[in-house]
Amino acid sequence: DAKTTQPNSMESNEEEPVHLPCNHSTISGTDYIHWYRQLPSQGPEYVIHGLTSNVNNRMASLAIAEDRKSSTLILHRATLRDAAVYYCILRDKTGTYKYIFGTGTRLKVLA
Amino acid sequence: GAGVSQSPSNKVTEKGKDVELRCDPISGHTALYWYRQRLGQGLEFLIYFQGNSAPDKSGLPSDRFSAERTGESVSTLTIQRTQQEDSAVYLCASSLAAGGWMDTQYFGPGTRLTVL
């Protein structure tokens, strides 16, 4: 199964942009890149996903490297409510499409 | 509409007892997943349902763990003869179908299981 590598933790100041990196050097051509975040004491929630092109939605932007071996989740203006663990996930392609979670990046937002 | 719900939210049990954890997926979602999250860790896949069938049980840690789904809706995860290492948050997720752009998984709040 393809794996992802993320920094254990990052800090950001409130109102500033945050770039959360993810390496997935063993990604295959049909793997979608998903990002979820988990706020304290809650289940993970969907943030964004993409295949090859950069993607934008109301929560964030996803920048995918041309060779697809890495991607970056961009929060344009961090708020205190964005403090969470962010998971970059590839989806297993054997037919069940389960998510393979790593340990994620714990984002701390400073007021 | 209503999201994924799980019950109970917390469960404390004694070692050796059986426990049942319930998941109510979003209505109309055909795919259902169970994950386990130990303290400070990421999520581990346990089992996946497509409809009422479980084509992938590869993540179940032992034969003490089982799960069923009925009516293409509610799912129950059963842990028999609980052990202290079973203590974790058990998360359920559902999605419209497995595969492609439709496979955004929506997670419930989890059941925190503590085995004394």
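Sticking with the crude label model, points 7 Å out along Cα→Cβ, report the distance from B:Thr30 to A:Leu51 in nm, one decimal please.
Label-label distance for B:Thr30 and A:Leu51, simple model: 1.9 nm.
Say we join alpha carbon atoms closer than 10 Å with springs in a Gaussian network model of chain B; which of B:Val12, B:Val74, B:Val89 then has the biggest fluctuation?
Result for chain B, Cα springs under 10 Å: B:Val12 fluctuates most.
Take B:Thr114, project a point 7 Å from its Cα along the Cβ direction, then tell me which residues of segment B:1-40 have their backbone nitrogen under 11 Å from it.
B:10-13
Can you give me the distance in nm between label points at B:Glu85 and A:Thr5, each placed 7 Å from the Cα along the Cα-to-Cβ direction?
Label-label distance for B:Glu85 and A:Thr5, simple model: 2.8 nm.
Just to confirm a number: summing +1 for Lys and Arg and -1 for Asp and Glu over residues other than A:Pro17 whose beta-carbon lies under 14 angstrom from that of A:Pro17, what do you get?
Taking every other residue near A:Pro17 into account, the sum is -4.
Every number in this text was worked out from the coordinates using simple rules, so none of it is lab data. All of these numbers come straight from a predicted model, not from anything done at the bench. Heads up, the Cβs are rebuilt from the backbone with ideal geometry, glycines too, and the neighbour counts pull from every protein chain shown.
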